[in-house]
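Enquirer: Take a look at this one; I'll ask things after.
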Ligand SMILES: *Cc1c(COP(=O)(O)O)cnc(C)c1O
């Protein structure tokens, strides 16, 4: 699929200002040097096992499946990882790489705060200096995560430029990277950005799909009919999807945030309503204005609030390998409560987008069909926000 390095069909690549070229070339060199190195892989998998708690279960959600009244729904439990989401898989991989590169300082951007927490956690573990850039609006939405990062020894820098959300945090982090590349490693949190990041993040997240494939074969003796995952930048989704790419009978569905509705300006449905363009140094489907500037986006889920999407997903869409659908804020909230009540599992509001679509899909299918949903994270971080919405009568559960 990746015929030219860093390209997925016409998508991906590296469209960056001159000072970044050499800096990214160094990251690329080390990535390809170590990704197939048995010693590196051994170290990585030791951390996955002893620190993250892998492998995590592929859980048959019997109550939810019966409630939906159709296909069997399995949940890949990334919510059970240390720090509560899939993001730690990538953070460990990249911090290990930073150490191989002899960097003493790690910087990262964060939206929901989950990637920031994962990065700060791994930097604490491995003894590296850590700075996290976060949109000022997100620092308010996710106050507790800011405090968690600081507790872990990281410095959190609020970014008030532009829309003061994730995309502005990425810009600020890139600037820092160029200025301090000598001793600094930029740890990108999703399968986006210029080459080699989309390939690298996918490699570190592909453990999700590898485990899920083995587990479903053990449980059912066959591959699933559908994979469903939420798509922000696309790392948890590509992590699940990638290993099934050549299994053409497995249908792949990504779920984007429709926010307050596709007919409003308040969504982040990049695939459904975007067009092809360049954002943050790579080509993908993006929500942009006539000048190619990213449009403001909205989702109830801070982790899905991004105007671009990973190049590999863009290619899956264009080539027809996967389909991309959207789920609104209210539908995600409904699924947030539904999974809590039916299974005693509170999903991250991001993951609730995938749950919502999976339940609707299951209801339309026969009982012999199998769906695997990536439960990308746990919902503890969202409980306070949801409580407030109910109290302000912005939502009725
Ligand atoms: C960050 C996050 C996402 C969205 O990021 P992707 O790169 O699209 O996976 C989804 N779920 C959770 C729990 C997150 O923290």
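Here, each number is a calculation from the coordinates, and none is a lab measurement. These numbers come from a predicted model, not from an experiment. Ideal geometry is used to build each Cβ from the backbone, glycine not excepted, and the neighbour counts take in all protein chains shown.
Enquirer: Using only DSSP helix segments of four residues or longer, with each worth -39500 (n - 2.57), what per-residue ellipticity at 222 nm results for the chain after dividing by its residue count and rounding to 500?
Expert: Taking each H run of at least 4 residues, the total per residue is -13000 deg cm²/dmol.
Enquirer: To continue, here is another question. With r as the distance between the Cβ atoms of residue 245 and residue 151 and R0 = 41 Å, compute the FRET efficiency 1/(1 + (r/R0)^6) and round to 0.05.
Expert: 0.55
Enquirer: Moving on to the next point. With all distinct Cα pairs included, what does the Kirkwood hydrodynamic radius of the range 294-353 come out to in Å, to one decimal, could you say?
Expert: 13.1
Enquirer: Now for a different question. Looking at the range 198-326 only, what percent of DSSP beta bridges run antiparallel? Nearest 5 please.
Expert: If I count the DSSP bridges inside the range 198-326, around 40 percent turn out antiparallel.
Enquirer: Evaluate the range 61-184: find the radius of gyration of its Cα atoms, find its Kirkwood radius, and give the ratio Rg to Rh.
Expert: 1.10
Enquirer: When the C-alpha atoms of the range 1-62 are aligned to their principal axes, what extent does each axis show, in angstrom, from largest down?
Expert: 49, 32, 21
Enquirer: I would also like to ask the following. How many percent of Cα pairs in the range 71-121 exceed 17 Å?
Expert: Of the Cα pairs, 43 percent sit more than 17 Å apart.
Enquirer: Now for a separate question. Give the order of 151, 101, 200 when sorted by the count of other beta carbons within 10 angstrom, beginning with the fewest.
Expert: 151, 101, 200
Enquirer: A follow-up question, please. Compute the Rg/Rh shape ratio of the range 273-318: radius of gyration over Kirkwood radius, all on alpha-carbon atoms.
Expert: 0.95
Enquirer: Here is a further query. To the nearest Å, what is the center-to-center distance of the range 1-68 and the range 174-239, using C-alpha atoms only?
Expert: Result: 5 Å between the Cα centres.
Enquirer: While we're looking at this one, here's another question. Inverting the mean 1/r over all pairs of different Cα atoms, compute the Kirkwood radius of the range 299-397 and quote it in Å.
Expert: One over the average 1/r among Cα pairs gives 14.7 Å for the range 299-397.
Enquirer: So which residue, out of 209, 308, 344, gets the largest mean-square fluctuation from a GNM of the chain using Cα contacts under 10 Å as springs?
Expert: 344
Enquirer: Considering the alpha-carbon set of the range 164-302 alone, what are its Rg and its Dmax in angstrom?
Expert: Cα-based Rg and Dmax for the range 164-302 come out at 17.1, 53 Å.
Enquirer: Moving to a separate point now. Run the numbers for residue 25 and residue 323: contour at 0.36 nm per residue of separation, minus the present Cα-Cα distance, in nm.
Expert: 104.0 nm
Enquirer: Using label points projected 7 Å from each Cα along Cα→Cβ, tell me how many nm separate residue 171 and residue 360, to one decimal.
Expert: 3.3
Enquirer: If every alpha-carbon in the chain counts as one equal scatterer, what log10 I(q)/I(0) does Debye give at q = 0.09, 0.10, 0.13 1/Å?
Expert: -0.47, -0.58, -1.04
Enquirer: Mind checking the log10 I(q)/I(0) for the range 240-343 at q = 0.16, 0.19 Å⁻¹? Debye, one equal scatterer per Cα, no solvent, two decimals.
Expert: Evaluating at q = 0.16, 0.19 Å⁻¹ gives log10 I(q)/I(0) of -0.75, -0.97.
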